[in-house]
Each structure stands twice: as C-alpha cells, then as structure tokens.
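The values are calculated or read from the model by the stated rules, or taken from the named source; none is laboratory data. The shown structure was predicted, so the numbers you read here are calculated from the model rather than taken from an experiment. Quick reminder, even Gly has a Cβ in these numbers, built from the backbone with ideal geometry, and neighbours come from all protein chains shown. With ligands, DNA and RNA removed, areas are computed over all heavy atoms of the protein, side chains included. Shrake-Rupley method; radii C 1.70, N 1.55, O 1.52, S 1.80 Å.
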Amino acid sequence: MVDETVELRARVERIPLLAGCGEPRLIAKGFSEDRKYVVTKGHERFLLRVFDLHQYPRKEMEYKALERMRQENVLCSRALELGRWEEANLGYIVFTYIDGDEGADVVCSYPEETQYEIGLEAGAELLKIHRYEAPDSVGSWHERQRKKHERNKEQYWGCGIRFPGDARLLAFIEEHLDAMTDRPNRFQHDDFHLANLVVKDGHLSGVIDFNRCDWGDPIHDFLKIGFFSADISTAFAVGQIHGYHQGREPDAEFWRLYSLYLAMNLVGSVAWTLKAHPDGLNDMLARIGRVLEEHRNFETLIPAWYTNHTRKKAST
C-alpha cells in the first residue's frame, strides 16, 4: 500500500494542474471500479478518478459529455483533464470538486419542504442533462433495451435466486415492451439518485458520478428514484419529478415507461448484485420487495409513495 501511495503521488506530480498538491485522499464509497481521490492544491480542491486503461474510450465519451454539460449550464463537476499513464496501464480524469455532502446522507436533516425544493432543483438539472441528443451512430434504444432484457432474464434464471412475484413482473414487462418503440435517444446520467447528488445549505450543489453515462430514453433516468431515493425522502423524489416537468403532473406515458424501466431493472439487479456486491443481496431483495409492494406487483403504474404524498399535500 505504501508503494502504491508513493507511485500515485509521483504520477499525480506529472499532471501540471496538480503538481505541488498535497497527499491524494482516497474516497472509499460507491461501487465504481474507478479509484477516486480528493486532491488539494493551495486553497483549491480537485477530484481525481483513476481507471484501468482499457476503459479509456468510454472515459473519452464521458469527458466530451461533461464538456456538453458545461455548455448546457448543468450544475455538475467540470472535467479539466483526461490523460494516460501508459507504464502503469492506467488513465485519469481531473474534475472540479463540488463542495457539500452526499444527498443521501443529509437530505433528511432538512424540513420536508426543503427536501421537496432540493428535488425540484435536481429535476431541473436532469431536464438540462437530457437536452443532449445522441449521435446518429448510436443504435435504436428499443432494440438495445430488448437485447439487454433478454440477457438479464437469462442471468436471472441462472443465478439460483428467486423473489416472490417474479412471474407477474416478467409478464408485465412483456405486456409493455412496445412502449419503448421510437423513444428518443438522449444523454443519460444513468445513475441519478440522492447518493450522486451533492447538497449544501439546503440546496443542490451539483450532480456527480457520470461514469455510467449512456444514451437512450430520458425517462430511464428516473428508475433510481423508486429504487434508491423515495425510501430516503419521498418529498425529494416527488420534487424531482415535478421539477423535471416544470411544475406539472407527469402524464400517463411517463408512468407507463417509468414502471416498465423500473420492472426491467428489478430483473437485472439480482444477478448484478451477486456478481458485484454479494454482501448486499439481502438489501437488494428487500428493495425489490418494497418496489413490488408499492406497485402492487405492477398492477398499478403510479407508486404508492407518490400517490400518498400528493394526496397528503392536497389535503393540507
């Protein structure tokens, strides 16, 4: 570990932007394969992500996308430098550092109305993110998602784990797959939830972790609300939906697609967890059970957490 730290420090010194900085501090959170560090130079902090060099083409896409996010005035980290350490088979990106706390950790310390306002801000930023249209070279969203769903089903049947209601869930997906036909291809953050939002002083400071970014239907970016955000703060989750829709209620098409993508994600989550984070299997199965209950095994498209919150607000 000492040798690795010394080698990292020597490599960082070769980045002109960071030369003369303090000791890089490892951020030991999240499931990304990247190694993340906070680097301080004088009074300024930076985020350094180090990755295996085979990921370089994908990181180039992320770097270019973040430049587009700057043009769209998205409240997020700015990518400052992309480079390679060929001798170590590593690459790196230097980002601006967003000051504040992880939204999942602090949102509930604020009054419910403030949680809702933070959600409104998050939804407005997500709307800006989705302005970026996919290049013509990107294949049909519908075809890509169908193939992914077939892979996920195969992995689910082969992983040896079942959850109650899976037959009804799979039937629901098959009934609604055609809803993806001719959906727009836009830039997706693809991991948009409270753990990837930074909050400070009751406001959204910025969106982070674009490393899973992709192209496809913008509504797909909402599925993590039901999976990871609504159980922390329903007010935030409702606010994000309202902020994205500029204060209007979402239409029936939104809820149909939201539910479809959420259901498809449930199928893929079991095998992914077994592979990437096996210790988290019980937590994942509990989340799946909660989602199924909120949608009455997908007999309803609008989740109970949204319906209950909006009814409560209407009665006050």
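Below are the figures for this structure:
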read-out	value
Of residues in segment 187-211 being among the β-branched types (Val, Ile, Thr) and in contact with a helix residue (DSSP H, G or I) (Cβ under 6 Å, 6 or more places away or on another chain), the one most open to solvent (accessible area, probe 1.4 Å)	Ile208
Flag if Glu87 is open to solvent by 90 Å² or more (accessible area, probe 1.4 Å), of a type outside the set (Phe, Trp, Tyr) and closer than 17 Å to Cys213 by Cβ	no
Segment 28-46, subset open to solvent by less than 50 Å² (accessible area, probe 1.4 Å) and in contact (Cβ under 8 Å) with a residue 60 or more places away in the chain, residue nearest to Val198 (Cα to Cα)	Ser32
Answer residue from segment 101-120, given it is within 18 Å of the chain's Cα centre (by Cα) and among the small types (Gly, Ala, Ser) and is most open to solvent (accessible area, probe 1.4 Å) among those	Ala104
Residues within segment 272-296 that are touching a residue at least 24 places away in the same chain (Cβ under 8 Å), of a type in the set (A, V, I, L, M) and open to solvent by 20 Å² or more (accessible area, probe 1.4 Å), tallied	4
Number of positions in segment 121-130 that are open to solvent by less than 30 Å² (accessible area, probe 1.4 Å) and part of a helix (DSSP H, G or I)	5
Matching option when the condition is in contact with a strand residue (DSSP E or B) (Cβ under 9 Å, 6 or more places away or on another chain), closer than 17 Å to Leu197 by Cα and either without any contact (Cβ under 8 Å) to a residue 60 or more places away in the chain or not small (Gly, Ala, Ser) (or both), among Arg144, Arg78	Arg78
Per-region count, segment 52-70, residues open to solvent by less than 50 Å² (accessible area, probe 1.4 Å) and among the charged types (D, E, K, R)	2
Every residue from segment 212-240 that is touching a helix residue (DSSP H, G or I) at 6+ places or on another chain (Cβ under 8 Å), of a type in the set (Asp, Glu) and under 26 Å from Gly280 (Cα atoms)	Asp221, Asp231
Residue tally, condition farther than 18 Å from Phe222 by Cβ and aromatic (Phe, Trp, Tyr), over segment 140-179	3
Segment 212-232 - residue that is touching an Asp or Glu at 6+ places or on another chain (Cβ under 6 Å) and not hydrophobic (A, V, I, L, M, F, W, C) and, of those, most open to solvent (accessible area, probe 1.4 Å)	Arg212
Only listed residue being assigned to a helix (DSSP H, G or I), over 20 Å from the mean Cα position of the chain (by Cα) and of a type in the set (A, V, I, L, M), chosen from Ala314, Ala271, Ala263	Ala314
Condition broken by Ser137, with the remaining ones in (1) farther than 23 Å from Gly216 by Cα; (2) open to solvent by 80 Å² or more (accessible area, probe 1.4 Å) satisfied	(1)
Out of Pro164, Pro250, Pro184, sole residue that is without any contact (Cβ under 8 Å) to a residue 12 or more places away in the chain and either crowded, with 23+ Cβ neighbours inside 10 Å or not charged (D, E, K, R) (or both)	Pro250
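Listed here are the residues, each with its yes/no results for (1) over 21 Å from Glu294 (Cβ atoms); (2) touching a strand residue (DSSP E or B) at 6+ places or on another chain (Cβ under 7 Å).
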site: Tyr92; (1), (2): yes, yes
site: Tyr110; (1), (2): yes, no
site: Thr114; (1), (2): yes, no
site: Leu120; (1), (2): yes, no
site: Tyr132; (1), (2): yes, yes
site: Lys148; (1), (2): yes, no
site: Pro164; (1), (2): no, no
